[in-house]
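Please read the structure below before turning to the comments.
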Amino acid sequence: MTTQFDTIDFHGLPALRMRSADGASAIVTMHGAHVVSWQPKRGGERLFLSERSPFATGKPIRGGIPVIFPQFGPDGPLPRHGFARTRDWALVDQHAGEDFARGIWQLTNTADTEALWPAAFTAEITVLLGGDRLDVELAVDNTGTASISFTAALHTYCKVREVELATLDGLEGARYRDQTQGKRLLTDGDEQLVVSGEVDRLYPDAPPEQVLGTGDGKLILTREGFPDIVVWNPWEEKCAALADMAPDGFRGMLCVEAAAAAKPVIVAPGESWSGRQSFELR
Ligand code: TA6
């Protein structure tokens with residue numbers, strides 16, 4: 001397969017299809033700088049994307065890797081999960097080497113974002129693809145004269161063959177806030193996380209590596225800069241209440257999110273912050 005970048009129409013949204021020379025591919029929409037598809041060299045789609053997702057300006061895409069910034073969740077004055085996932089980002093660079101392809105997208109403050117969040121910033125998403133690996137990095141520069149404070153995440157929807165048979169290793173002994181129990185602080189006593197009901201957990205300062213048994217290979221998840229992990233599956237009842245998910249959609253996904261959500265990131269004027277989530281199929 002040749003190395004290439006193609007601008008395509010993805011359900012009506014402009015998107016970049018990236019291919020590395022070694023046969024991996026990804027699709028990123030300009031809307032949200034949202035990775036909606038990742039197929040490593042070994043093949044097979046690795047990200048869940050809801051068949052009922054809207055693909056429209058101003059609406060979040062359900063699935064893939066939503067970029068959550070500058071507010072994680074509903075706690076704060078901004079729209080739920082911030083505004084980055086519903087804005088159009090600009091593709092500022094595309095580059096391919098012998099065994100990788102890389103795209104970079106930017107979002108900067110406008111009158112529209114300032115009306116929601118009075119901050120001067122440049123946010124950048126870098127997607128690096130090659131072999132059986134994908135790296136997604138969010139970087140934020142404070143371009144203003146006052147400190148900025150935000151929470152953020154890469155809200156990754158991993159595709160699993162059947163969520164009840166999926167396993168997540170690497171969180172044993174970690175503390176988490178259970179969002180389904182009023183944010184109660186609990187300790188994960190299980191060797192493996194196995195989903196058999198609604199899961200919505202925020203693990204602050206989580207261990208550095210998790211291994212997801214997807215039912216179709218093992219996905220190694222690592223991160224840098226993002227201290228926390230969120231694990232989410234809405235299960236039957238909550239999924240049925242989501243207009244952009246099929247009633248059984250929850251069976252094919254498990255969100256394992258790299259997050260800076262437990263406490264805000266503070267960036268001084270002229271300074272920057274970055275966080276990365278990496279995936280490797282083994
Ligand atoms: O990351 C977990 C979470 O915050 C859940 O509480 C859940 O509601 C989910 O994100 C999805 O949020 P959304 O706004 O995309 O429906």
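The values are calculated or read from the model by the stated rules, or taken from the named source; none is laboratory data. Quick caveat: nothing in here was measured; it's all calculated off a predicted structure. All Cβ positions, glycine included, derive from the backbone under ideal geometry; neighbour counts span all protein chains shown. Note: areas computed on protein heavy atoms with side chains; ligands, DNA, RNA excluded. Shrake-Rupley method; radii C 1.70, N 1.55, O 1.52, S 1.80 Å.
Under a cut-off of 18 Å between alpha-carbon atoms, report the lysines in cross-link reach of K238, not counting same-chain residues fewer than 8 places apart. Within the straight-line cut-off, K238 pairs with K183.
Here K41 is the anchor, and the aspartates and glutamates within straight C-alpha reach of less than 17 Å, apart from those fewer than 8 places off in the same chain, are D22, E98, D99, D132, D135, D216, E280.
Name the residue from A241, T143, I125 whose Cα lies farthest towards the positive end of the charge dipole of the chain, charges +1 on Cβ of Lys and Arg and -1 on Cβ of Asp and Glu. With unit charges placed on the Cβ atoms, the residue in question is A241.
May I ask for the net charge around V265, where only other residues with Cβ less than 12 Å from the Cβ of V265 are counted and Lys, Arg are +1 while Asp, Glu are -1? Once all neighbours under 12 Å are counted, the net charge is -1.
Annotation: the stretch 4-281 has a Kirkwood hydrodynamic radius of 18.8 angstrom, from the mean reciprocal C-alpha pair distance. Using C-alpha pairs below 8 Å separated by at least 6 residues, the relative contact order for the chain is 18 percent.
Considering only alpha-carbon pairs that sit under 8 angstrom and 6 or more positions apart, the relative contact order computed for the stretch 65-189 is 20 percent. The stretch 86-102 and the stretch 215-273 have Cα centres lying 22 Å from one another.
Taking F121, F226, F69 as the candidate residues, the one with maximal mean-square fluctuation in a Gaussian network model of the chain, Cα springs under 10 Å, is F121.
Overall, the ratio between the Cα radius of gyration of the stretch 1-98 and 2.2 N^0.38 Å, rounded to two decimals, is 1.15. Taking Cβ atoms as reference points and 13 Å as the exclusive limit, the residues near H34 contribute a net charge of +3, counting Lys and Arg as +1 and Asp and Glu as -1. Name the most mobile residue of P66, P77, P234, meaning the one with the largest mean-square fluctuation, in a Gaussian network model of the chain with Cα contacts below 10 Å. It is P77.
Pairs of Cα atoms nearer than 8 Å and 6+ residues apart set the relative contact order; for the stretch 161-238 it is 33 percent.
Leaving ligands, DNA and RNA out of it, report the carbon-plus-sulfur percent of the accessible area of the chain at a 1.4 Å probe.
Carbon-and-sulfur percentage of accessible area, whole number: 47.
Other residues with beta-carbon under 15 Å from the beta-carbon of T110 carry, at +1 per Lys or Arg and -1 per Asp or Glu, a net charge of -2.
Most fluctuating residue of G225, G252, G97 in a GNM of the chain with Cα springs under 10 Å: which is it? Highest fluctuation among the options: G97.
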